[in-house]
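Heads up: the structure comes next, in structure tokens.
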Amino acid sequence: MNSQRILVVGAGHVGLYAALRLSKKLKSGEAEVVVVDPQPHMTYQPFLPEASAGNISPRHAVVALRRALRKCRIIVGSVTQVEHARKTATVQPVAGPAEEMTYDHIIVAPGSVSRTLPIPGLHEHGIGFKTIGEAIFLRNHVLEQLDIAAATSDPAVRQAALTFVFVGGGYAGIEALAETEDMARDALRYYPELAPEDMRWVLVEATQRVLPEVDRDMGAYTVQQLLKRNMDIRLDTRLESCADQIVRLSDGDSFRTNTIVWTAGVKPSPMLDSTDMPRDQRGRVTCAPTLQVVDGDRVLDGAWSAGDCSAVPDLTKEPGAFCSPSAQHAVRQAQRMADNIVAVIRGQEPVEYKHKHAGSVASLGLYKGVAQVYGIKMTGFPAWFMHRTYHMSRIPSFNRKVRVIVDWTLAFFLKREVVALGQLHEPREEFLEATPPLSARR
């Protein structure tokens, strides 16, 4: 039997877990697994708020691909084109010429990117929250704003520095807002010039509720908890402009701020535009319940997809429903897809993916949370503990589990680090100033 090639496009939740399971299930020489991703690591996105808040080290929220996938071939780069009709893909490494690669099976899992709107000023002043780099940047930026506010004597400058706006009331937005506010409030103990009431934290949500994945009463509880922390919650409100760092809302209010964090949803990766994969009206790759790519009623041989970028039917709901773009579905879809690929390679039939969503957990800061799991609702410390326990169990590799647990354990006894390392974003600036161009020396 000739060895087959399985090309994995993207190393997020789907790509990493699928490749990991394939490397365990496949026999030696049965197939080669090639993983292509622009980053040499997988980011465990549920830990981004904790990494941004300093609860865990940013390095412990990522998993090195070469360490986790030792039986796979790792290419740091991007897939710039897929012609499944010829079963070829163009791979552009991080350096060097592009290569046309043939494959027998392809897993299309480039994930998603932030879904933005044509809002004036958003491109210039907005901060995303989908990568570890953005999480680190937000942490440094918020702490830098505290330094600005403590140093200035201008009330307008201080007010802009201490006003933090988060757009989007889903899980990403609520957790980012709650954890970052918790971190900033904790940091104020070292700023005698500032008081907690000087800070203004604003949540802008276009719908009439937050956390749409849970029941309304749990969303209402979350809003009540944020209001108790003196946060400004604007429901049924849209961001209309943030040009010149002046936020203008649909309710008529406007104010100046240095911080605008955009967490208002995601959309499939634009990488899919360079493929011949069939897609639905929302740009997602159309899939059968077996996670095989389908064009209408026709199954595309050797094409598979799952996760945020795909439309996978949810067999636990009414016909026409699709699985939500959550890590919970992505991990399970990846495992089912890997098993199905192995089955097809061995001449067996693939099995349909079916998983009833277990529920959701969210952190609202240290020792605070909300959870709804299998119909059971929890709040406060029990929900926060369940949030940490669940995600600790889900992050890949024993190495990362131990490091995260150590971070959490130390946090019980040691105070949170509140140092801004803003120089990380412009590491050569001082060296460039000390090394003028040769033309300037003459």
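Bear in mind these aren't lab numbers, they're just calculated from the coordinates by the rules spelled out. Predicted, not measured: the structure shown is a model, and the values here were computed from it. Virtual Cβ from ideal backbone geometry, glycine too; neighbours counted across all protein chains shown.
Annotations for the structure displayed:
- With at most 14 other Cβ atoms within 10 Å, longest stretch of the chain clear of loop chymotrypsin sites (Phe, Trp or Tyr not before Pro) (DSSP): 1-366
- Residues Ser305, Ser112, sorted so that the one with the fewest Cβ neighbours within 10 Å comes first: Ser112, Ser305
- Beta bridges per DSSP with both ends in the chain, % antiparallel, nearest 5: 50
- Membrane-span-like helices in the chain, defined here as complete DSSP H runs extending at least 20 Å along the helix axis by their C-alpha atoms with mean Kyte-Doolittle hydropathy no lower than -1.0, are 132-151, 171-187, 327-345, 380-394, 398-413; this is a sequence and geometry rule, not a statement about a membrane.
- Taking 0.36 nm per residue of separation and subtracting the Cα-Cα distance, full extension of the segment from Ala195 to Val402 would add 70.9 nm.
- Sequence-distant residues sharing a close amide H with Ser241 (under 5 Å, placed H): Arg248
- For the stretch 411-437 versus the stretch 342-374, the inter-centroid distance based on Cα atoms is 38 Å.
- When the Gaussian network model of the chain links Cα atoms closer than 10 Å, the mean-square fluctuations of Glu426, Glu100, Glu179 top out at Glu426.
- Backbone amide hydrogens, once placed in the peptide plane, bring Ile119 within less than 5 Å of nothing, excluding anything fewer than 5 places away on its chain.
- Of all lysines in the structure, the ones whose alpha carbon falls short of 19 Å from that of Lys354, not counting any fewer than 8 places away in one chain, are Lys317.
- Since only Gly173, Val157, Gln208 are under comparison, the one whose Cα sits farthest along the positive direction of the charge dipole of the stretch 154-212, derived from C-beta charges on Lys, Arg, Asp and Glu, is Gln208.
- The stretch 127-141-the stretch 217-295 distance, computed between alpha-carbon centres (Å): 16
- At an R0 of 22 angstrom, the distance between the Cβ atoms of Glu213 and Glu352 translates into a FRET efficiency of 0.40.
- For the chain, a Gaussian network of Cα nodes joined below 10 Å ranks Ala53, Ala343, Ala306 by mean-square fluctuation, and the top entry is Ala343.
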